[in-house]
Structures are given as structure tokens and as C-alpha cells.
Amino acid sequence: MGELRKPFLLLAMLAIVLAVGVELGAGLLTGGGDAAAALRDSADALDVELGDVAGVSEPSGRGTGYLALVDAVAVWSTGLYCLSLVLPDRLHGRVQGVATLIFSIVLVVVSLIALVVAFVELSVMVSLFLAAPFGTLAYLALWGFFPVGDATLLLGLALLLKLAWAALLILAQPRFLQNKGLVLLTLTTLLCTVLLEFLHRLVPVILVSILDDVGALVFAVVAIVWGLVLLIGSIPAIVKAVRVTAALPARRT
């Protein structure tokens, strides 16, 4: 199958890091546009007089940012491959187990917190939306005018970077295709990105924020599952490292 091609592996690492950067920056890059005129139109449709409206802006959403929880696993996995380039195999095996255990615990905890936050926000959204007319107007003022176009651009860029990451990994080492866990992780992150774009296009714009939060909930759960998979998978590596370390003094004597 050939040796590991280091330049392609490093480029793959760069691609997935950039993808996560795009996702984390979504909150700053989307939303914030003036939505006062759209809110007035919605109020007129509900036969409610608002008067002067100011300070109403487009929401940034949570879905794109929550994709980073899933893609953190991709960054971690790729980073471990890159780490093998600079560490001896024996030391890399010891470090990998402990580091993965710590990372998985952090990922699960952060994802659980994110899950609770998204669930609470989703509950508030639905409650306000159903409390017509004034609750509905409050919902519209906060979340009713999601910037679908901006989100589509960012998701498209993130998807392109993830495809580049997958292709570069294969170019770095075709045997990565035999790694079922890595293949499943690749499919997971690609499908999550496509799913969010699908949710954004599924309903009218005033409901997109609700489905965006649903997507965020799904991604938090997926990240928790992957965190648990990493946690369980790190245990054999830790046990093996402990046994090897314990056997070293015996060999010396």
C-alpha cells in the first residue's frame, strides 16, 4: 500500500481545522442583519400594531456551531495520525490512550452542556411561537428571520473543506479506507453537514431557527456518542501501556 505521505496528511489536518474554524466562526459571520422591516410585515399579517421597531436583527443560529462538536473528533483523530510523525511508536501508543481518554471526557461534558442549552432554547422558541399573537411576535423578533443564504455559504465551505480532508487522507495513505472507524466518522460529519442544510431548506424562513436548533440537538447527541466510543476505545490502549510500563522494571532486573 506504500508509506504514509506526510504532506498530504498535514494538508488534511489543515483542511479539517479550517472547517472547524468556519463552523465556530458562524456565530460571528452570520446574523446581525436588520430584520425590523420583516417584523413589521409579520405584525401586519397578525393584525397587531407595533409602531416604531428598532434593534431587531437576524439570529446567527446554533446548528453550524454545534457541527464543530462532531468535527472535533475528526480533528482529534487526524491529529493523532500527525502526532505519530514526530513521536516514536512506543511513546505514541502510551500518549494516545491517556490523551484520548481525557479528550473524550471533555467532549462528552461539553456536548452535554451544549445539549441542555439547545434544548432549553428550543423549548422557549416553540412556546413563544405557539403563544399567538404576542408570543409569536416575540419569537419573530428574536429568531424569526434566519439568514439562510449566509448559512448556506458557510455550510458549503465547510462541506468542501471536509471533502478535501477526506480526499487528502486517502492520498496520504489508501489504507485509511480499511479503518472502519475513520470511514464511519467521515460519513458522520459529511451527513451532519448535509442534514443541517436540508433542515434550513425544509420550512419557511420563520421556522428555520427552530429546525436549526433541532439540528444542534442532533449534533450534540452525535458528539456524545462519539465521545463515548473514544472513551471506551481508549481503555485497552491505557491497559496495554500500563502493562508495558510495569514490565519494563522486570526486564531490567
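The values are calculated or read from the model by the stated rules, or taken from the named source; none is laboratory data. Given the structure is predicted, the values throughout are model-derived calculations rather than measurements. As a convention, Cβ positions derive from the backbone with ideal geometry for all residues, glycine included, and neighbour counts pool all protein chains shown.
Can you confirm whether Val95 is in contact (Cβ under 8 Å) with a residue 12 or more places away in the chain and farther than 20 Å from Ala220 by Cβ? Judged against the criteria, Val95 is a match.
One residue alone among Ile232, Ile224 is among the hydrophobic types (A, V, I, L, M, F, W, C), within 14 Å of the chain's Cα centre (by Cα) and either farther than 30 Å from Ser127 by Cβ or surrounded by 19 or more Cβ atoms within 10 Å (Cβ to Cβ) (or both), and that residue is Ile224. Identification of helices (runs of 4 or more DSSP H) wholly contained in the stretch 98-210 with 1 or more residues that are within 30 Å of Pro7 (Cα to Cα) and over 15 Å from the mean Cα position of the chain (by Cα) yields 148-172, 180-202. If you go through the stretch 61-96 and keep only what is assigned to a helix (DSSP H, G or I), among the charged types (D, E, K, R) and at pLDDT below 95, you end up with Asp89, Arg90, Arg94.
Candidates Phe134, Phe129, Phe103: the one that is surrounded by 17 or more Cβ atoms within 10 Å (Cβ to Cβ), farther than 22 Å from Leu195 by Cα and modelled with pLDDT under 95 is Phe129. Would it be correct to say that Leu112 is surrounded by 19 or more Cβ atoms within 10 Å (Cβ to Cβ), within 19 Å of Ala220 (Cα to Cα), at pLDDT 95 or above and not β-branched (Val, Ile, Thr)? The answer is no for Leu112. Within the stretch 118-140, residues that are without any contact (Cβ under 8 Å) to a residue 12 or more places away in the chain and farther than 21 Å from Ser60 by Cβ have Cβ atoms under 8 Å from residues that are among the β-branched types (Val, Ile, Thr) and part of a helix (DSSP H, G or I) in these pairs: Leu130/Thr136, counting only partners at least 6 apart in sequence or on another chain.
Out of curiosity, is Leu169 buried (at least 20 other Cβ atoms within 10 Å of the Cβ), under 30 Å from Ala141 (Cα atoms) and either free of Cβ contacts under 8 Å to residues at least 12 places away in the same chain or not β-branched (Val, Ile, Thr) (or both)? Taking the combined requirement at face value, the residue does not satisfy it.
If I filter the stretch 188-206 for residues that are crowded, with 21+ Cβ neighbours inside 10 Å and in contact with a Pro (Cβ under 6 Å, 6 or more places away or on another chain), do I get at least one hit? There is no residue in the stretch 188-206 that is crowded, with 21+ Cβ neighbours inside 10 Å and in contact with a Pro (Cβ under 6 Å, 6 or more places away or on another chain). Filtering the stretch 1-57 to residues that are at pLDDT below 60 and farther than 30 Å from Phe145 by Cα leaves Met1, Gly2.
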